[in-house]
Amino acid sequence: MEKRRSKKKSSRQKKSLQTKPISENALDSSRTADFRGHFLTLIICLVLILATSAVYWQVTGHDFVDLDDNVYVYENSHVQDGVTLDSIIWAFTTTSIAYWHPMTWLSLMVDHELYGLNSSGYHLTNLLVHTISTLLLFLVLKRMTGAPWRSAFVAALFALHPLNVESVAWVAERKNVLSTFFWMLTIWGYARYVERPGINRYLLVLLVFGLGLMAKPMLVTLPCVLLLLDYWPLGRFQLGQFGKEAKEQLPTFENQTSHWSQPSRLVLEKVPFLVLSVVSIYLSSLSVKRLGIVITTDAVPMSLRVANALVSYVGYIGKMIWPANLAVFYPPPEIVPGWQVAAAGLLLVFVSILVIRAVRLRPYLAVGWLWYLGTLAPVIGLVRAGLWPHMADRFAYVPLIGLFIMISWGVPEVVARWHYRKIGLATTGAALLSVLMVTTWLQVRYWKNGTRLFEHTLDVTSNNYVAHYTLGNALDRKGRTDDAIKHYQEAL
């Protein structure tokens, strides 16, 4: 008996000695993998910061431009009062200049406290906010998908695409970059809430979303985007079975189980967000009515608006692919050729059918496409106040992210069977981003001052009364009265 006990004891000791090194090796491997993951994330963030700064740092030497920068900063006495009780009250109550966006006013007041009327500081703030939004976009996509390189490519396209220059280089578009910062922060908080649901995390996400609406009402579509993210990449519900690649990219959050959430419950979860969106839309509509700048259907028929909207949806995709002849204002068309409307409509329907049919195997295509269509809808021109442009580069700032997601996840799958796939993707991606950096750097130069900006706008557009009038203002401020008069006459 004693011999048997001693044999069993020795065998247990041998087993423990054999299993202990394996456990330690597994732990070391896990720690090494975590370290490599954190190190890679840090390197990507540093590269994104350096690349964004390289193309945009020149804005810190730019002047204000003579379109809206005056009413937002250098001719606005409330902003120039800085952060005072009266100016804060004004920020939360005024609708005399634009729609209700107190957070934007407060950020400009803080800038005035820091920089006075030195335009460099205001441009620097825009650049910093854009850079932080880029980092948040990368980090939240990586957190949700576990795909660092694809997430990094989406963030790089967002940071460096020339179509986004207008939002960053124009001080008056502080509302666009600031609201997008809150957009990214809302999604980040939402991802953390999904990982570990709780009332405190939910209320924090709701608060950040509300702050974003107070920067610009563009966030009204974000509740719908959260529902899209519930499907992919968060995987909180499904339509049938996901494809193999889609399954591999579903999250491994601690709270995820084999039981899928009911879509109706997820919709109910978004009701408070939708309520805030409705309130924001209502306040914005009151603002434009008080200002009397609503464009009626008598002035611009609904048929023309619909035709322009369809063509613009395709036009933004075209400018994403080939960002040439970018302008601060594109004159509205008096008529849209029927063939363009038909072609644009057919293309949109065709792509929509393709991505919906592939939703189970490639859910990222449907999510990216619906992100693009949905987030662009509020500014596509069906409802318009103030100036009515054919399209505007700043309107595509958030919507293009959806297309970037389609590209970043779709292209690697297309070339999945290619030899040297990783080398080819890395080389092509680096070359594309290099071209975008050069193009964006050149585009930023046009925003040096109002004169240069609107001279360029007149070079790439025709019949542009806004560009002629605003260039006249810029020349008049410089004392070039005769030149200003010529442009005023052209505008008339």
Checklist outcome for this item: Dividing the mean separation of Cα pairs under 8 Å (6+ apart) by the residue count of the chain yields a relative contact order in percent of 19 percent
Checklist entry - So how compact is region 58-114: Cα radius of gyration and Dmax in angstrom? => result 11.5, 35
Item to check | Highest to lowest packing among 412-421, 475-484, scored as the average C-beta count within 10 Å | outcome: 475-484, 412-421
Next on the checklist: Probe radius 1.4 Å, ligands and nucleic acids ignored: give me the carbon and sulfur share of the accessible area of the chain as a rounded percent.
Outcome noted: 64 percent
Item to check | Cross-link table Lys142/Lys216; Lys270/Lys319; Lys216/Lys270, entries beyond 24 Å C-alpha to C-alpha | outcome: Lys142/Lys216; Lys270/Lys319
Checklist entry - Using θ = phi - 60° and the Karplus curve 6.51 cos²θ - 1.76 cosθ + 1.60, what whole-Hz ³J(HN,Hα) does each residue of region 445-459 get, with Gly and Pro shown as x? => result 4, 5, 8, 4, 7, x, 4, 5, 4, 7, 5, 5, 4, 5, 6
Checklist entry - Lys289: which aspartates and glutamates have alpha carbons under 18 Å from its alpha carbon, excluding same-chain residues fewer than 8 sequence positions away? => result Asp298
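For the peptides 121-130, 434-443, 339-348, what is the packing order when you average, over each peptide's residues, the other Cβ atoms within 10 Å and list the highest mean first?
My ranking of the peptides, most packed first, is 121-130, 434-443, 339-348.
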Checklist outcome for this item: A correct Karplus calculation of ³J(HN,Hα) over region 375-389, with 6.51 cos²θ - 1.76 cosθ + 1.60, θ = phi - 60°, whole Hz and x for Gly and Pro, returns 6, 7, 4, x, 10, 7, x, 5, 10, 9, 9, x, 5, 10, x
Checklist entry - Between Asp482 and Val438, what is the FRET efficiency for a Förster distance of 41 Å, r being their Cβ-Cβ separation, to the nearest 0.05? => result 0.65
Item to check | Per residue, the convex hull volume that the Cα atoms of region 378-492 enclose (Å³) | outcome: 137 Å³
Checklist outcome for this item: One checks the Cα atoms of region 284-437 and finds Rg and Dmax, in Å, of 18.3, 62
Checklist entry - Assuming R0 = 45 Å, what is the FRET efficiency of Ile335 and Ile356, from their Cβ-Cβ distance, to the nearest 0.05? => result 0.90
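If the viscosity is 1.567 mPa s and the temperature 4 °C, what translational diffusion coefficient in µm²/s does Stokes-Einstein give for the chain when Rh comes from Kirkwood over Cα pairs? All intermediate terms of the calculation are to be shown ahead of the outcome.
Values: Rh = 24.9 Å.
Roughly 52 µm²/s, to the nearest whole number.
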Checklist entry - Which angle from 0 to 90°, rounded to the nearest 10, does the C-alpha axis of helix 302-321 make with the longest principal axis of the chain? => result 60 degrees
Checklist entry - Taking amide hydrogens as modeled 1.01 Å from N in the peptide plane, which residues meet the under 5 Å criterion relative to Ile295, leaving out close sequence neighbours? => result Arg384, Ala385, Gly386
Checklist entry - Which whole-number value in Å² is the accessible area per residue of the chain, probe 1.4 Å? => result 50 Å²
Checklist entry - Roughly how tilted is helix 481-491, in degrees to the nearest 10 and between 0 and 90, from the longest Cα axis of the chain? => result 70 degrees
Checklist entry - Of Ser53, Ser312, Ser462, which has the most accessible area and how do the rest follow, probe 1.4 Å? => result Ser462, Ser53, Ser312
Checklist entry - Using θ = phi - 60° and the Karplus form 6.51 cos²θ - 1.76 cosθ + 1.60, what ³J(HN,Hα) does each residue of region 225-239 get, whole Hz, x for Gly and Pro? => result 5, 4, 5, 4, 5, 4, 6, 8, x, 6, x, 7, 8, 9, 10
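The values are calculated or read from the model by the stated rules, or taken from the named source; none is laboratory data. This structure is a prediction, so every number in the text was calculated from the model and none was measured. Every residue, glycine as well, gets a Cβ built from its backbone with ideal geometry; the counts of neighbours run over all protein chains shown. SASA here: full protein model, heavy atoms, side chains in, ligands and nucleic acids out. Shrake-Rupley method; radii C 1.70, N 1.55, O 1.52, S 1.80 Å.
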